[in-house]
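Below you'll find the structure, written out as structure tokens, and then a few comments.
The values are calculated or read from the model by the stated rules, or taken from the named source; none is laboratory data. All of these numbers come straight from a predicted model, not from anything done at the bench. So basically every Cβ, Gly included, is an ideal-geometry build from the backbone, and we count neighbours across all protein chains shown. Accessible surface areas use protein heavy atoms only, side chains included; no ligands, DNA or RNA. Shrake-Rupley method; radii C 1.70, N 1.55, O 1.52, S 1.80 Å.
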Amino acid sequence: MISRRKLLFSSATTMAAGVAGAMHPRRLFAASQNGQGLGRNTPVITPNGTSLPWRMEDGRKTFHLIAAPLVREFAPGFKVNCWGYNGQTPGPTIEAVEGDRLRIYVENRLPEPTSVHWHGVLLPNGMDGVAGLNQPRIEVGQTFKYEFTVRQHGTQMYHPHFDEMVQQSMGMMGLLIFHPRNPPRRIDRDFGIFLNEWFIKPGTSTPDPTVMLDFNVFTFNSRVFPGTEQLIVKLGDRVRIRIANISMDSHPIHFHGHTLRWTGSDGGPLPETAWIPETSINVPPGTTRDIEFIADNPGDWALHCHKVHHTMNQMGHNLPIMTGVDQSGVDQKLNELVPGYMPMGATGMGDMMDMGKPRNSLFMGGGEGPFGNIFMGGMFTIVKIRENLRSYDEDPGWYDNPPGTVASAVGERQAIAPPAFMPRHPHPALAGLPPDATYQAVKANSCASMAKARR
């Protein structure tokens with residue numbers, strides 16, 4: 001696992017340190033390193049990402065964003081042509097404290113103009129970043145300067161407001177975190193996750209920004225499981241997870257093994273009397289959600305979107321429904337025409353073998369776990385909670401479950417008697433049939449209908 005410390009001063013981030021003719025060589029700070037400039041606040045961890053270094057210039061905390069094309073590896077071996085900031089998507093997390101005076105340089109190395117909107121931020125109208133309305137667009141090769149004083153605290157975002165369909169669909173977004181001057185409580189681990197969805201045809205490398213709803217890749221910080229970084233937590237830690245979304249869909253993010261509290265949004269923190277206990281938090285488009293929990297239950301716990309297709313990788317949606325269809329002999333006949341053909345999904349898809357895939361593509365799920373394959377992908381990661389954790393930067397390995405606490409088989413399968421009361425079938429031809437016979441009758445009728453339609 002690559003730690004944040006190793007990523008912090010990556011070549012892309014170091015490249016962002018200088019604006020030609022605009023910034024003088026002074027000491028760079030990183031908001032995430034030793035809490036520099038954050039007071040008593042805990043720095044935000046961006047899994048699979050970094051925080052943006054800053055320097056003091058004319059009494060302002062000064063940052064530099066470079067908008068440019070890049071290649072992002074969503075999972076090992078799966079590389080995607082994206083647009084982003086400072087060599088990454090989402091762009092590096094910007095952290096500041098309520099009351100800070102900020103200056104942010106934005107340099108455009110894209111093939112078209114752009115702008116940056118500071119989503120949810122209270123600032124002067126001319127700094128709001130809507131091209132044509134609040135400012136001229138940032139032409140190719142230009143650098144613009146944004147300046148404002150932080151008047152709030154909470155989880156905000158930054159993204160373009162020029163050619164949004166293309167630029168946001170290609171990955172241009174980032175977290176903008178404003179910490180309180182006087183934090184009301186100690187947060188031990190503070191994570192930031194940006195949600196996004198993409199359509200990338202199998203065998204290709206460039207997202208299709210014209211797709212409106214039928215996406216096939218769903219990401220946490222532009223990574224899919226098993227490429228998503230794990231969240232490492234000590235038993236007893238108070239944990240905050242900040243979740244941002246500017247995609248086309250809402251995403252109900254579900255966390256296993258704990259009850260969480262919804263504590264804030266891009267509009268600011270919620271008063272404690274309004275905290276809502278949840279196990280899933282819905283994150284609509286154009287919003288952020290802060291959740292907090294006490295890590296009081298050790299183990300390896302799933303964190304994922306609860307829309308079923310959003311935990312699959314690069315599946316195709318234009319497939320015939322084959323569940324329950326008798327495909328006896330089909331593979332033999334088709335193999336004469338298409339060598340290597342394998343019928344799909346007669347009994348579901350969870351145990352299907354590797355049939356091969358196009359170049360630069362992903363299987364639908366996932367990665368190896370301690371008990372076999374974890375058939376999940378997309379918006380899925382693992383929160384590892386341990387009592388005796390030596391370091392947050394080391395993978396503690398899989399959880400060693402205490403004896404007697406793992407679900408297991410009970411021996412030979414037992415015949416289960418049908419319930420005494422069976423619901424009445426709406427179709428009279430199925431009345432009185434046991435469940436197995438009903439299923440076979442429906443399947444036979446469906447197959448006959450399909451064969452008739454083909455004739």
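Numbers below:
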{"quantity": "Some residue of region 264-278 being among the polar types (S, T, N, Q) and farther than 20 Å from M172 by Cβ", "calculated": "yes"}
{"quantity": "Total residues in region 138-152, condition open to solvent by 70 Å² or more (accessible area, probe 1.4 Å) and over 29 Å from the mean Cα position of the chain (by Cα)", "calculated": "3"}
{"quantity": "Candidate set: region 264-281, residues that are closer than 23 Å to V121 by Cβ and without any contact (Cβ under 8 Å) to a residue 60 or more places away in the chain; chosen: the one least open to solvent (accessible area, probe 1.4 Å)", "calculated": "I281"}
{"quantity": "Restricting region 228-267 to residues that are in contact with a Gly (Cβ under 6 Å, 6 or more places away or on another chain) and part of a strand (DSSP E or B), the residue that is nearest to H304 (Cα to Cα)", "calculated": "R242"}
{"quantity": "Residue tally, condition farther than 20 Å from A96 by Cβ and buried (at least 24 other Cβ atoms within 10 Å of the Cβ), over region 171-196", "calculated": "4"}
{"quantity": "Restricting region 227-251 to residues that are touching a Pro at 6+ places or on another chain (Cβ under 8 Å) and closer than 17 Å to I187 by Cα, the residue that is most open to solvent (accessible area, probe 1.4 Å)", "calculated": "L235"}
{"quantity": "Cross-chain or 6+ apart pairs with Cβ under 8 Å, region 96-112 first and on the phi > 0 side of the Ramachandran plot, then crowded, with 21+ Cβ neighbours inside 10 Å and assigned to a loop (DSSP other than H, G, I, E, B)", "calculated": "G99/V150"}
{"quantity": "Test set (1) open to solvent by less than 40 Å² (accessible area, probe 1.4 Å); (2) under 24 Å from T42 (Cα atoms); (3) not in a loop (DSSP other than H, G, I, E, B) - F218 fails condition number", "calculated": "(2)"}
{"quantity": "Conditions (1) modelled with pLDDT of 50 or more; (2) over 30 Å from R185 (Cβ atoms): number failed by N48", "calculated": "(2)"}
{"quantity": "Strands (runs of 3 or more DSSP E) wholly inside region 39-123 that include at least 1 residues being in contact with a Leu (Cβ under 8 Å, 6 or more places away or on another chain), more than 28 Å from Y392 (Cα to Cα) and open to solvent by less than 20 Å² (accessible area, probe 1.4 Å)", "calculated": "60-75, 78-85, 101-108, 117-119"}
{"quantity": "Matching residues in region 252-263 - criterion: being buried (at least 20 other Cβ atoms within 10 Å of the Cβ) and in contact (Cβ under 8 Å) with a residue 40 or more places away in the chain", "calculated": "I253, F255"}
{"quantity": "Every pair of residues 6+ apart whose Cβ atoms lie under 7 Å, when the first sits in region 140-151 and is on the phi > 0 side of the Ramachandran plot while the second is modelled with pLDDT of 95 or more", "calculated": "G141/N108"}
{"quantity": "Count - residues of region 282-304 that are open to solvent by less than 60 Å² (accessible area, probe 1.4 Å), assigned to a strand (DSSP E or B), within 10 Å of H251 (Cβ to Cβ) and out of contact with any helix residue (DSSP H, G or I) (no Cβ under 6 Å at 6 or more places or on another chain)", "calculated": "2"}
